[in-house]
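Please read the structure below before turning to the comments.
The values are calculated or read from the model by the stated rules, or taken from the named source; none is laboratory data. These figures come from a predicted structure and were not determined experimentally. So basically every Cβ, Gly included, is an ideal-geometry build from the backbone, and we count neighbours across all protein chains shown. Note: areas computed on protein heavy atoms with side chains; ligands, DNA, RNA excluded. Shrake-Rupley method; radii C 1.70, N 1.55, O 1.52, S 1.80 Å.
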Amino acid sequence: MEGEMKLFTREELKSRSTRADAVLIIHNEVYDVTKFLLEHPGGEEVLLEKAGQDASEPFEDVSHSSDARSLMKKYKIGELVESDRVQTRAGFSPQWTNEQAQEQGNWSSWLTPLLLGVAATLLYRYLFV
Ligand code: HEM
């Protein structure tokens with residue numbers, strides 16, 4: 001069954017958290033795991049606990065195999081609408097800018113006192129020695 005991809009909001013998925021209708025949000029993608037509950041090697045309980053919610057973190061915490069990751073595709077029913085997406089480990093481009101900005105900040109934050117220290121030392125020696 002090749003269903004077409006739909007866009008969902010986090011709000012509308014919240015109620016889909018039962019054995020009869022269970023969805024998971026993993027890395028901004030939406031999976032209908034209703035038929036997978038009993039097949040999941042990790043058990044249905046962990047899936048039901050996260051059903052209707054974002055399970056990206058617990059999913060990654062288990063470090064699922066590549067087999068598990070390709071199995072997921074079978075259950076994908078759509079994605080989150082643009083405004084409900086979050087940055088996950090899969091796409092980190094905005095963090096790159098942040099980290100770079102932070103790095104630059106750190107760099108100048110120790111460089112300035114260092115230069116002041118050197119200048120003070122030279123001035124002291126020039127004036128008093
Ligand atoms: C569509 C989503 C998921 C699929 C297709 C999936 C698939 C699998 C598969 C194939 C395994 C066997 C081990 C492996 O191949 O890595 C597994 C194990 C496991 N999964 Fe999932 N899983 C999904 C979501 C989740 C989520 C959301 C959680 C946690 C909330 C979870 C928790 C676990 C645990 C605890 C194990 C057992 C690990 C072990 O026995 O060492 N899984 N899963």
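Residues in the range 64-75: is at least one polar (S, T, N, Q), within 9 Å of the ligand (Cβ to nearest atom) and either in contact with a Pro (Cβ under 8 Å, 6 or more places away or on another chain) or open to solvent by less than 30 Å² (accessible area, probe 1.4 Å) (or both)? Within the range 64-75, none of the residues are polar (S, T, N, Q), within 9 Å of the ligand (Cβ to nearest atom) and either in contact with a Pro (Cβ under 8 Å, 6 or more places away or on another chain) or open to solvent by less than 30 Å² (accessible area, probe 1.4 Å) (or both).
Within the range 34-63, the set of residues being surrounded by 12 or more Cβ atoms within 10 Å (Cβ to Cβ), over 20 Å from the mean Cα position of the chain (by Cα) and more than 8 Å from the ligand (Cβ to nearest atom) comprises Thr34, Leu37, Glu44, Leu48. Annotation: Ser93 fulfils all but one of (1) modelled with pLDDT of 95 or more; (2) within 22 Å of Leu7 (Cβ to Cβ); (3) out of contact with any strand residue (DSSP E or B) (no Cβ under 7 Å at 6 or more places or on another chain); the unmet one is (1).
Entry remark, the range 24-81: residues being not acidic (Asp, Glu) and not in a helix (DSSP H, G or I) number 30 in total.
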